[in-house]
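Shown next, in structure tokens, is the structure this report addresses.
The values are calculated or read from the model by the stated rules, or taken from the named source; none is laboratory data. Remember, predicted model here, so these are calculated numbers, not experimental data. Cβ placement follows ideal geometry from the backbone for every residue including glycine, while neighbour counts extend to all protein chains displayed.
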Amino acid sequence: MGDRTNNSEYCFYSYSGHPNLYHTNDDQTGRNDRFGAIALGLGLGGLLHLGDNLTPLPHPKDESSLVTVGVYRFVRHPIYSSVIFLTLAYATWQMSISHTIGVFIFLLFFDQKARQEEQWLTAKFPEYEDYKRSVKKILPGIY
């Protein structure tokens, strides 16, 4: 009976389009771990360094200050980056084109959200223009 249960589980995964969860290669696992670690570092670093400036809205608080230290030295929107890297880790784990398309949808969404947020930040902090020229927007070292 135990063998039949394992076989039916294997058949479910293979026929439903899910990857075989019993066999992952080391390269895939390494990529997932790296993307997950980057997501965790950017997300926690972003939250920590924002401190009292953190708001659920993209508009800066009236009493806020411009944060350019910590992970903000490498990327202007580390929390958005964190979500993108987390979805990238999930997409590579699933080895799925539809999940990979989801990564690009998140990237486009957060790019648009950041664009609006940066208009408000530039209006509030004139030095934000210099910061924009020296630090990438969402993907550290890339974009």
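Considering (1) touching a helix residue (DSSP H, G or I) at 6+ places or on another chain (Cβ under 7 Å); (2) loosely packed, with under 13 Cβ neighbours inside 10 Å; (3) of a type outside the set (S, T, N, Q); (4) at pLDDT 90 or above, the lone condition that GLU63 does not fulfil carries the number (1). It is to be established whether one or more residues within region 31-38 are over 13 Å from the mean Cα position of the chain (by Cα) and β-branched (Val, Ile, Thr). Checking region 31-38: not a single residue is over 13 Å from the mean Cα position of the chain (by Cα) and β-branched (Val, Ile, Thr). Among the residues of region 106-143, those that are acidic (Asp, Glu) and over 16 Å from ILE79 (Cβ atoms) comprise GLU127, GLU129, ASP130.
Residue count for region 97-137, restricted to those that are part of a loop (DSSP other than H, G, I, E, B), surrounded by fewer than 18 Cβ atoms within 10 Å (Cβ to Cβ) and in contact (Cβ under 8 Å) with a residue 24 or more places away in the chain: 3. Restricting region 82-96 to residues that are assigned to a helix (DSSP H, G or I) and hydroxyl-bearing (Ser, Thr, Tyr), the residue that is nearest to TYR72 (Cα to Cα) is SER82.
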